[in-house]
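Single-structure report; data block below.
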Amino acid sequence: MEELKSLSTNGSSILPKLAPNLSRHMLFQLIQFESELADERGDEEAIKAIDSAKAKLLEDTNMNKKEQEVQAQREKHDQATEKIRHLLTQDEVVNGLRSDKVANLEFLKNQHGVTMEMVDALFDLGQFQFRCFQYGDAADTLYQFRVLSTDNDKVSAATWGRLASEILSMTWDSAVDEIKKVREDIDTRLFNNPRAQLDHRTMLIHWSLFPLFNFEAAREPILDMFFSAAYINTIQTSCPWILRYLVAAVITGRGRARNSSLQQKQLKDVIRYVRQESYEYNDPLTQFVMALYVAYDFNAAREALAMAEQVCRSDAFLAECADAFVECARHLICESYCKIYSRMNMRDLSEKLGLNPDEGEKWIVNLIRETRLDAKIDSQAGTVVMNHPPNNVYQQVIEKTKGGFFRTQVMNSAVSKP
């Protein structure tokens, strides 16, 4: 969609890259966010482009049709599904259903005169409800169809439709369940078609961004999926811009009650993937990771963090976690800085964190208090002194080797700069 290319004045919007992999209903929500940003900026050109994009998105929905035409279609679908929908509300019928779909259809056919055409009519009704923006009703109807139908292709389409409906109605727990079902369907139904698997996984990754950044319980299962071999290969091959969201999710996950060893592994993995794909894709979030963990350049990391904050605030998925991202990123800067120095000037450390001296001192004091960091502040000298507990001789050798290796990398990076 050409209109989307002019939405961002600073080039930070990746909406044109996301758009081909989202349903038009999902895309409409993201465009609405861009519309609000354009209004705040007073960007008339962007507002005009957004209005044009909205009109094109609504072309294939029932919103553009006359009310009488929509009502006639509604009555047609209601009439075609009236009998089967009524049956599925009766306890004695529902209790007679089993896990065997063929047996269920035989039972409904013999006992209640249900035909395959009636079951397929549920699928058509679910699509109609979705186009009418009745996402909750569409999810329920498609679920009923999926329980009864033996048409694998339509069942797969119904699962995708139900996932879209749950996302758009913000029923996040059900959306996570549907993501698991879609993932299983891709692995099993398309196992002999690698190209189709790649395309479907690419789309699932994009759809999964909605619960990932809106539902706390979705973070762990979705990140586990993203970091699995099949899906990280999909990201690297088909959609490297997803690294922006992978970086944001991993870094903001630092301040949450999660498995710390898992979080550290994910951080190491995302550093490796960002480095591998730096020739293909980069933005301020990935540049922050490169500066801090690859180039060991704290000044570049500070500058990248300042730009990354602006990118987060202008991204529909990341706007709500922008503050958390900046806070957690500062923790990572401080952590890396402490690995190099045992005594740090607070003014210098505040500068690396992108804070003025007063703000920096307060931030460092709070960090020591909240994390119970073994350090003390020398107010007169304006320094922070790290207190490293004594280790046994073997641990001392290991730690000194690690520290020496890290400092050598920093020195090599500094020497290699032009």
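Values quoted throughout were computed directly from the atomic coordinates according to the rules given, and no laboratory measurement underlies them. As the structure is a prediction and not an experimental result, all values here were calculated from the model. Reconstructed Cβ throughout: ideal geometry from the backbone, glycine too, with neighbour counts over all protein chains shown.
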Checklist entry - Using a Gaussian network model of the chain with C-alpha springs under 10 Å, which one of Gly253, Gly136, Gly382 is most mobile by mean-square fluctuation? => result Gly382
Item to check | Student exercise, the stretch 273-341 dipole from Lys, Arg, Asp, Glu Cβ charges, in Debye to nearest 20 | outcome: 260
Item to check | Virtual spin-label span in nm between Gln236 and Val102, 7 Å along Cα→Cβ | outcome: 4.3
Checklist entry - Residue separation times 0.36 nm, minus the C-alpha to C-alpha distance between Ala72 and Ala381: what's the value? => result 103.2 nm
Checklist outcome for this item: Interchain or sequence-distant (5+) residues whose placed amide H lies within less than 5 Å of the amide H of Cys239 are none
Checklist outcome for this item: For the stretch 353-367, Karplus-derived ³J(HN,Hα) couplings (6.51, -1.76, 1.60; θ = phi - 60°; whole Hz; x for glycine and proline) come out as 7, x, 10, 6, x, 5, 4, x, 5, 4, 5, 5, 4, 5, 4
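Once fully extended, how much extra length lies between Asp124 and Lys48, figured as 0.36 nm per residue of separation less the alpha-carbon to alpha-carbon distance? Please report the intermediate quantities before stating the final value.
On the way: separation 76, 0.36 × 76 = 27.36 nm, distance 3.50 nm.
Extending this stretch completely gives an extra 23.9 nm.
First measure r as the distance between the Cβ atoms of Ala306 and Glu92, then evaluate 1/(1 + (r/R0)^6) with R0 = 56 Å and state the FRET efficiency to the nearest 0.05.
Working: r = 65 Å, r/R0 = 1.16.
After rounding, the FRET efficiency stands at 0.30.
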Checklist entry - Between Asn345 and Lys83, 0.36 nm times their residue separation minus their Cα-Cα distance comes to what? => result 86.6 nm
Next on the checklist: Quick query: amide H of Val114 versus all other amide H atoms, modeled in the peptide plane; which residues come in under 5 Å with a sequence gap of 5 or more or a different chain?
Outcome noted: Lys109
Next on the checklist: Greater than 31 Å separation of Cα atoms is the criterion. Which listed pairs, Lys56/Lys83; Lys54/Lys76; Lys109/Lys154; Lys66/Lys154; Lys54/Lys268, meet it?
Outcome noted: Lys56/Lys83; Lys54/Lys268
Next on the checklist: As an exercise, use a Förster radius of 25 Å and the Cβ-Cβ distance of Val294 and Ser228 to find the FRET efficiency, rounded to the nearest 0.05.
Outcome noted: 0.55
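State which stretch of the chain is the longest one without any exposed chymotrypsin sites (Phe, Trp or Tyr not before Pro), exposure meaning a DSSP loop state and at most 12 other Cβ atoms within 10 Å. All intermediate terms of the calculation are to be shown ahead of the outcome.
Details: sites that count: Phe191, Tyr279.
Counting at most 12 other Cβ atoms within 10 Å as exposed, the longest clean stretch of the chain is 1-190.
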Next on the checklist: With Cα extents along the principal axes in Å as the read-out, I listed (1) 74, 49, 38; (2) 86, 56, 39; (3) 84, 43, 37; which label goes with the value calculated from this structure?
Outcome noted: (2)
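Do you know the relative contact order of the chain, to the nearest whole percent, from alpha carbon pairs under 8 angstrom that are 6+ apart?
Values: 405 pairs, mean separation 41.3, N = 418.
Result for the chain is 10 percent.
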Next on the checklist: Quick check: pseudo-label points 7 Å beyond the Cα along Cα→Cβ at Ser261 and Arg313, how many nm apart are they?
Outcome noted: 4.0
Checklist entry - Hey, in the GNM for the chain with a 10 angstrom Cα cutoff, which one of Ser13, Ser260, Ser35 fluctuates hardest? => result Ser260
Checklist entry - Packing-wise, with mean Cβ within 10 Å as the measure, how do 303-309, 86-92, 46-52 rank, highest first? => result 303-309, 46-52, 86-92
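Could you give the dipole magnitude of the chain about its Cα centre, charging the beta-carbon of Lys and Arg +1 and that of Asp and Glu -1, in debye to the nearest 20?
Values: 50 positive and 60 negative charges, 351 e Å.
Taking the Cα centre of the chain as origin, the dipole is about 1680 debye.
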Checklist outcome for this item: Taking the dipole of the chain about the Cα centre (Lys, Arg +1; Asp, Glu -1; charges at Cβ), the one of Leu262, Ala381, Ala306 that reaches farthest to the positive side is Ala381
